[in-house]
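Everything on this sheet refers to the single structure shown next.
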Amino acid sequence: MVKTKNTCLIGLQYGDEGKGSFSHFLSSEYDVFVRYNGGGNAGHTVFVDEKKIVTHFLPVGIIKEDSKVVLGNGMVINPKALILEIEQIAESLNKTFEEISSKIFISNKAHIITSKMIELDAEREKSQKIGTTKTGVGPAYESKANRTGMTIGQALSQKPLSSELKSFKKRLGARVFSTEILINQWSEDGLSLFFEGAQGVLLDLDFGQYPYVTSSNCIPSSVGSGAGFDPRKINNVIGVIKPYTTRVGAGPFPTKMSKKEDEDFRQRGLEFGATTGRPRLCGWLDLPSIRYAIQIAGVDEILISKMDLIINMSKIKVCVGYSLNGYIIDGFSDFPCSEDWSKISPIYEDWLITDFISNLKQTLGVPVTITSWGPNSSDKIFTPNHTGFNSFKNMFSNLSNIKSIMKRAITTKK
Ligand code: IMP
Ligand code: MG
């Protein structure tokens with residue numbers, strides 16, 4: 001068998017960690033890009049030549065020329081919304097619908113999201129108040145589990161077809177495959193696979209703050225059930241974090257910032273949902289949660305987005321533990337269960353910004369390999385583990401282009 005490099009990239013917080021931007025940055029290294037969980041609830045933002053592109057169903061590898069992208073069986077798909085997304089991406093990239101769709105391989109085993117499911121998602125929100133994206137994701141997974149759902153393959157073989165499905169069959173019917181067979185074959189042939197996780201570990205159906213979670217598993221091992229690929233063949237798991245935390249939707253948020261700080265980070269970080277436009281709540285970096293996420297996901301390296309937001313601060317508040325009934329919870333030996341989330345109090349430390357990366361490496365036990373200082377690929381910097389620098393401080397003194405990167409980051413935001 002040819003030895004290839006397969007990577008899975010996941011969010012270690014509540015989603016919106018900047019996975020899209022890093023996936024795009026790393027895409028030149030891979031041939032096949034696979035989504036294995038979630039649906040249109042995801043919103044992955046990428047800037048290409050200063051043009052903003054947001055993907056919901058498609059992995060951002062779609063932007064790369066000659067890529068193959070897979071919507072795995074673990075996904076739930078709204079046919080109409082997927083067509084719209086392909087149309088928008090084709091327009092942004094000056095391509096035809098066919099040019100884009102010919103790169104897409106949709107699992108015949110992914111489940112379909114119907115308009116009734118979207119209505120049900122919105123209706124439930126009136127009483128349940130999870131703060132869902134109202135994209136029908138929850139009801140689609142629910143139907144899948146209770147065996148009243150419908151796979152894409154089954155939906156397309158119905159007779160007669162609804163007008164929505166007729167249009168889907170006409171435009172994308174030829175792109176529906178047993179994708180689990182294809183990706184295993186491609187891997188055997190020596191192609192490199194990149195699995196793009198959606199949401200984050202703290203929204204994982206099993207390990208997140210139930211019930212304030214999404215309806216799928218966001219951890220790398222779900223590549224097995226969500227794409228039909230042996231997770232042992234993944235050579236590298238990348239976890240993405242921001243140097244602070246954001247959360248959109250309801251649920252406990254122990255490190256939530258004060259109103260003023262929250263407003264400041266939201267405005268400077270443009271923290272508004274890419275799918276719903278909702279303002280994201282901002283909080284301080286929550287290390288116990290990240291430690292827990294690393295432990296269950298099995299992370300080899302950490303990438304940090306949005307470093308430009310903290311660069312002008314001399315110190316930053318970081319949550320290093322929680323206290324619960326007189327006990328300290330650190331995220332390694334213990335972690336709150338659902339019923340304890342509202343009772344814990346965060347324990348903070350003030351970290352010097354210049355020590356931020358080395359402290360993180362030390363407390364998480366995982367190397368930080370790439371940091372991002374703005375939305376473009378050119379704003380990504382390899383950190384000590386790649387460059388041989390010993391500390392964050394050294395990184396600054398050695399990088400002559402940091403000022404221009406910062407300047408561009410600020411101009412782009414305006
Ligand atoms: P659902 O996935 O639409 O059912 O929403 C469940 C919870 O997950 C809500 O709190 C959503 O705001 C959150 N959520 C779902 N997808 C994302 C995402 O891609 N980024 C951030 N939050 C998300
Ligand atoms: Mg997002």
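Kindly identify region 228-340 as rounded, prolate or oblate by the Cα gyration tensor criterion: order the square roots of the eigenvalues as a ≥ b ≥ c, call it rounded if a/c is under 1.5, otherwise compare a/b with b/c, prolate if a/b is larger, else oblate. Oblate, since a/c reaches 1.5 and b/c is not below a/b. Dividing the radius of gyration of the alpha carbons in the chain by their Kirkwood radius gives 0.96 for Rg/Rh. Cα-Cα over 19 Å: which of K103/K169; K129/K317; K19/K380; K259/K343? The pairs that break the limit, which is 19 Å between Cα atoms, are K129/K317; K259/K343.
Among the listed pairs K260/K306; K64/K95; K68/K361, give every one whose C-alpha distance is greater than 23 Å. All intermediate terms of the calculation are to be shown ahead of the outcome.
Working: K260/K306 19 Å; K64/K95 12 Å; K68/K361 34 Å.
Listed pairs above 23 Å: K68/K361.
Taking the alpha carbon gyration tensor of region 134-251, multiplying each eigenvalue by 5 and rooting it gives semi-axes of 28, 23, 13 Å, largest first. Comparing Cα centroids, region 309-325 and region 240-271 end up 12 angstrom apart. The order of the peptides 238-248, 160-170 by mean Cβ neighbours within 10 Å, most packed first, is 238-248, 160-170. Count the DSSP beta bridges whose two residues both fall in the chain, then state the antiparallel fraction as a percent rounded to the nearest 5. The answer is about 45 percent antiparallel.
Where a number appears in this text, it was derived from the coordinates with a stated rule and is not lab data. Only a predicted model underlies this, so the values are computations on that prediction, with no experimental measurement involved. Ideal geometry is used to build each Cβ from the backbone, glycine not excepted, and the neighbour counts take in all protein chains shown.
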